[in-house]
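Okay, structure first, notes after.
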Amino acid sequence: MWAELLPVGRSASTGGYRRHAWNSADAECRAWFEDQARARGLHYETDRNGNQWAWLGDPAAGNAVVTGSHLDSVPDGGAYDGPLGVISSFAALDELRSRGTALTRPLAITNFGDEEGARFGVACVGSRLATGVLDRDAAYRLRDADGVWLPDAMVKAGHDPAQIGADPELLGRIGAFVELHVEQGRFLTEGQPVGVASAIWPHGRWRFDFHGEANHAGTTRLADRRDPMLTYATTVLAARKKARLAGALATFGKVAVEPNGTNAIASLIRGWLDSRAADETTLRELVDAIGQSAVERGERDGVRVELVRESYTPVVDFDGPLRDRLAALLGAPVLPTGAGHDAGILASAVPTAMLFVRNPTGVSHSPAEHAERADCHAGVTALADVLEELACQPS
């Protein structure tokens, strides 16, 4: 399975992956998922929001145990973030069958669409739509860097956007959701290969618009400039300092420049801030402080600053009894994470847990992302043990 999926959407120049929502690489990944489902005799379906499902047992029976993750990537992302969870889910099912396990609850494997938000700027679109966190009107307003609206991208990929939105009937089928994921950090490097998640830090994405004045780079005196690049650069530095002092995280990882000419002073800079903290108060105060710093610097530079929150996820505490049950079953450590996941979105609707597989370097969202094969195998075994524990009991 790994060898089949590995080349899909991989850049020959960078070695990273460009599997973005509803593009051709995404379509190949989705076709691969359907093939894996049908090869195992599972009931395959795509829900109203484009999420893929492979069912063992009657989907309508309810109280199902669900596992899976996502197959899309960040720009030039790594091979493990997302796909490891989907591949491990199919492998865990194969392991259960080899054990001769008799399930007493329906089991499903899922691939949630557009988890990374690389194309349309909002993470976990598939799970946000299903839970109603993102409504159809808001989804219809999402547009990529080329000006393509989300509904148009769906139509081109063969999905009907008219039906997207909250899906309580689907969520009502689920009794528990367990997502396996490569660890995005190094907590497990000195310990066991598999851990259990305790919580996800609150996090969000904010767009800063710096409005200046276009002018000639070779003739405009420094004193006469209204240069938004200067305000943007100062804001990036301020974000780093304020995050460090708050014990939090702040990253400007995406920027757009207009008119984007070498010999032109920019008229507009758009910079996207990703910020995360251990608690919501710290996060709110940090973003407010970064915004205030930008405004104050903008006043000095003759630059108008606008701040727009594009997405936000509050702190997620995973289901306590389920978390403790899995940690005891596996003898695994419990650890928090600053990374968002579909499991974090679903946690508001169904009992949810996460397993992390050791990442020796801690690198993620990069072609250097890695997990040792033995650790991946340990993750499959752990997930199989969890599914057996949950799906072979009446509740």
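Below is a table of values for the structure above.
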| quantity | calculated |
| --- | --- |
| Lone qualifier among ARG143, ARG105 - being open to solvent by 50 Å² or more (accessible area, probe 1.4 Å) and not aromatic (Phe, Trp, Tyr) | ARG143 |
| Candidate set from region 56-88 (those that are assigned to a strand (DSSP E or B) and under 23 Å from the mean Cα position of the chain (by Cα)); member that is surrounded by the most Cβ atoms within 10 Å (Cβ to Cβ) | THR67 |
| Out of HIS216, HIS211, sole residue that is open to solvent by less than 80 Å² (accessible area, probe 1.4 Å) and either among the β-branched types (Val, Ile, Thr) or more than 17 Å from VAL122 (Cα to Cα) (or both) | HIS211 |
| Region 11-40, subset touching a residue at least 40 places away in the same chain (Cβ under 8 Å) and surrounded by fewer than 18 Cβ atoms within 10 Å (Cβ to Cβ), residue farthest from the chain's Cα centre (by Cα) | ARG40 |
| Long-range neighbours under 6 Å by Cβ, at least six apart or interchain, first residue among the aliphatic types (A, V, I, L, M) within region 215-239, second surrounded by 18 or more Cβ atoms within 10 Å (Cβ to Cβ) | ALA217/ILE265; MET229/ALA266; MET229/ILE269; LEU230/ASP301; VAL236/PHE252; ALA238/SER293; ALA239/ALA250; ALA239/ILE290 |
| Conditions (1) loosely packed, with under 14 Cβ neighbours inside 10 Å; (2) at pLDDT 95 or above: number failed by ALA233 | (1) |
| Pick from region 325-379, criterion part of a loop (DSSP other than H, G, I, E, B), among the aliphatic types (A, V, I, L, M) and open to solvent by less than 30 Å² (accessible area, probe 1.4 Å), ranking: farthest from GLY191 (Cα to Cα) | VAL350 |
| Pairs where the first residue, in region 262-273, is more than 11 Å from ALA214 (Cβ to Cβ) and small (Gly, Ala, Ser) and the second is open to solvent by 40 Å² or more (accessible area, probe 1.4 Å) and not in a strand (DSSP E or B), C-beta under 8 Å, 6+ apart | GLY271/VAL236 |
| From the options LEU387, LEU322, LEU307, residue that is within 24 Å of ASN51 (Cβ to Cβ), open to solvent by 10 Å² or more (accessible area, probe 1.4 Å), aliphatic (A, V, I, L, M) and under 24 Å from the mean Cα position of the chain (by Cα) | LEU322 |
| Matching residues, region 162-192, being in contact with a Gly (Cβ under 9 Å, 6 or more places away or on another chain) and farther than 30 Å from LEU329 by Cα | ILE164, GLY165, ALA166, ASP167, PRO168 |
| Failed item in (1) modelled with pLDDT under 95; (2) surrounded by 14 or more Cβ atoms within 10 Å (Cβ to Cβ), with GLY253 passing the rest | (2) |
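The values are calculated or read from the model by the stated rules, or taken from the named source; none is laboratory data. What you see is a predicted model, and the numbers here were worked out from it, not measured in a lab. In this analysis, Cβ positions are derived from the backbone assuming ideal geometry, glycine residues included, and neighbour counts consider all displayed protein chains. Note: areas computed on protein heavy atoms with side chains; ligands, DNA, RNA excluded. Shrake-Rupley method; radii C 1.70, N 1.55, O 1.52, S 1.80 Å.
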